[in-house]
Amino acid sequence: MRRVLLFLLLAPLLLVLAAALLIPLLVDEEQLLDLAAEALEKKTGATLQVNGEAKLQLLPRIALAMEQVELTLPGEAQPDLSAGKLELGVQLLPLFSGEVQIQRLALERLLVTLPAAPEQEAIDTSQLSDAQLDAWYAARRDILSEAGKGAGLALAAPMALEVAELSLRDSRVVQMRAKGEPPQIIEINSLQARDLNLAGHPAPLSLSVAVPSLQEGEPPVTLALETTFTVDEGTQRVGLEALDAEVQGATAEPVKFSASGNLDLNRVVADLTLELASGDTRGTGKLRFASFESPQIDADLHLTTFTPALLALAGTDAAGDVAGDESSAGADSGDAPLPLAALRNIDTRAKLVIDSARFDGHEITDLRTQLRVVDGVARINRLSGQVHGGTLNATATLNAAYNEARLTTRGSLEKVDLPQLLAALEAEPRLTGQASLTWDLNSKGRSSNALRDALTGPVKIHTEDLVLEGMGIERMLCETVALANRESLAAELPEDSAFEAFTVDVQLGDGKARLAPLHAELANLQLNGKGSAQLDSLDFRADFNARLEPGLAELDPACRVNERFTAIDWPVECKGNLNGDPGEWCGVDSGEIVEELTRNEVQRKVEKEAGRLFDKLLKKD
């Protein structure tokens, strides 16, 4: 038994020693090189040229090692491929019959140079007429359709080697760019794959790449990936049984995601089930990417929080265009042109549920939205959520298909907490209570300021438990009543205004908000009026007529009113800026009121005296 075990242990070693002695005698290296090149070309269509040394090595495995090699792929406009070292691991027994069967392919310092895409004349869509834009959309759809025919047939070519092991180290892909711009480089630190085949058997793969930034000083974007996949040559489909990846540098926090699904190589379509994590953000859902179909991106995702990584749904081309527009002069002022060209490059449908999303200090919880963007038209068919304690429901359409964008939106915001809203706007919280509003608005323009100034349509606002701090309307009127009564105030009057009701109808147009009617009710008076506000500066003016009630005397005996006071309108004038101090907004023209009271008193006395004279005449008769 011991001899049998010893033989089993020594047999592999003896075979290797025998191969070391016999193979150099039986195989000519030049002939082996030709056979290897022939096998490589037969499997992949690539031709091999060796400019350096080529030799057969036996340890740690039988392989043909070559230096300074070049690979030429079949077809026109193919990339240039060269490698500092290429190692073809071969099977032992076929060598004795003069046949090369590649078992392992290892490359070091591979350089893939992709030629720049043919330079195409840039089309400035802002200079096209509406009819020309319609023709441009139609032509783009035709081009997309034609480009999709057979687009992915070559993607499975590396799998045709059917090697047990593929290794790639210290390599890079260089994408040349037009007009002398610096090339885009992808550094492949390592790629390891095993059991490559076209028969649908699982093949594990790991990949580590880095993409240096084209902006000086910015960190590279790195990707680390592990997956097991299958390829079916007959259907040209790739199945992802499991994929785990981590991206760093694209966002503030690394993005980790896992996926499973299928890729159709012929149609260049991916249907994936995703899980992602970035900082405190977690997400699950489904994503379909179709290069040559519409929509190109179709997403159904649930996220715990909003993350900028979600903007990748728009596509890299669109994202780059948006970034360029935002950096242009005048973007901060709102006068910069809207990124219409970027929007026209997006073809996305998305259904999103986000537990918490923050936009410029405004947090929306339980955010749900359904949107479709295609041919420059963005439709938000649903937008709902909770914001500042209130409930948001809205729809909107931004039609940027033509050079003058058109906006339509309608919706409601119910019972929003005013202190929370003002804090988010970084304004001093001088209002407490809740506000609700509905709107149905339209606009058009080429910049955000133009859209704002062209807004038309109604907005209706009503409030609950509204308190305006620092502006006591009852106090102002009480002081005026005391002046008319020729008495002094003794009590401490309220500095704030507590409204039992406050409603306003707003009509937007010509850059203004026309406020009519304005209606307010306080404990001891009512206000009715109208006004207007400038949308750009937020300067406003409003004129009210106040009607006093006898209960005003409860504030101070000097504020008592009689029929003379309750029979007239007490003018209250308000003006200022909505970002200003409410205490300086409103005032009462006491001189006008006293004059009105005097005029009414004279008229009352004249009417009383005329009545007496009339009575005397009747008695004489």
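The values are calculated or read from the model by the stated rules, or taken from the named source; none is laboratory data. These figures come from a predicted structure and were not determined experimentally. Backbone-built Cβ (ideal geometry, glycine too); neighbour counts: all protein chains shown.
Those residues that are of a type in the set (A, V, I, L, M, F, W, C) and farther than 23 Å from PRO254 by Cα, I need them from the range 207-243; list them, please.
Restricting attention to the range 207-243, the residues satisfying the condition of being of a type in the set (A, V, I, L, M, F, W, C) are 207, 209-211, 214, 221, 223-225, 229, 231, 238, 240, 242-243.
Those that are of a type in the set (A, V, I, L, M, F, W, C) and farther than 23 Å from PRO254 by Cα: PHE229, VAL231, VAL238.
Please pick out the residue among LEU466, LEU425 that is over 26 Å from the mean Cα position of the chain (by Cα) and touching a residue at least 12 places away in the same chain (Cβ under 8 Å).
LEU466
Of a type outside the set (Ser, Thr, Tyr), farther than 21 Å from ALA164 by Cα and either at pLDDT 65 or above or assigned by TED's automatic domain parsing to the domain that holds LEU168 (or both): does that describe GLU70? I'd like the intermediate steps shown before the answer.
Details: of a type outside the set (Ser, Thr, Tyr): yes; farther than 21 Å from ALA164 by Cα: yes; either at pLDDT 65 or above or assigned by TED's automatic domain parsing to the domain that holds LEU168 (or both): yes.
When the stated conditions are applied, GLU70 passes them.
Quick test of your reading of the structure: ALA454 fulfils all but one of (1) at pLDDT below 90; (2) buried (at least 16 other Cβ atoms within 10 Å of the Cβ). Name the failing condition by number.
The one condition ALA454 does not meet is (1).
Among the residues in the range 225-245, are any farther than 22 Å from LEU105 by Cβ, of a type in the set (Asp, Glu) and touching a Ser or Thr at 6+ places or on another chain (Cβ under 7 Å)?
Yes, the range 225-245 contains at least one residue that is farther than 22 Å from LEU105 by Cβ, of a type in the set (Asp, Glu) and touching a Ser or Thr at 6+ places or on another chain (Cβ under 7 Å).
Among the listed residues ASN262, ASN266, identify the single one that is closer than 20 Å to ASN197 by Cα and in contact (Cβ under 8 Å) with a residue 40 or more places away in the chain. I'd like the intermediate steps shown before the answer.
Values: ASN262 fails: in contact (Cβ under 8 Å) with a residue 40 or more places away in the chain.
Just a single option satisfies the conditions, and that option is ASN266.
List the strands (runs of 3 or more DSSP E) inside the range 218-305, counting only whole elements, that have at least 2 residues being among the β-branched types (Val, Ile, Thr) and in contact with a strand residue (DSSP E or B) (Cβ under 7 Å, 6 or more places away or on another chain).
Here the list reads 221-232, 237-248, 269-278, 281-290, 297-305.
Could you go through the range 260-269 and let me know if any residue there is touching a Pro at 6+ places or on another chain (Cβ under 9 Å) and surrounded by fewer than 16 Cβ atoms within 10 Å (Cβ to Cβ).
Checking the range 260-269: not a single residue is touching a Pro at 6+ places or on another chain (Cβ under 9 Å) and surrounded by fewer than 16 Cβ atoms within 10 Å (Cβ to Cβ).
Can you work out which of the residues in the range 388-403 that are in a strand (DSSP E or B) and in contact with an Asp or Glu (Cβ under 7 Å, 6 or more places away or on another chain) is farthest from ARG141 (Cα to Cα)?
That would be GLY390.
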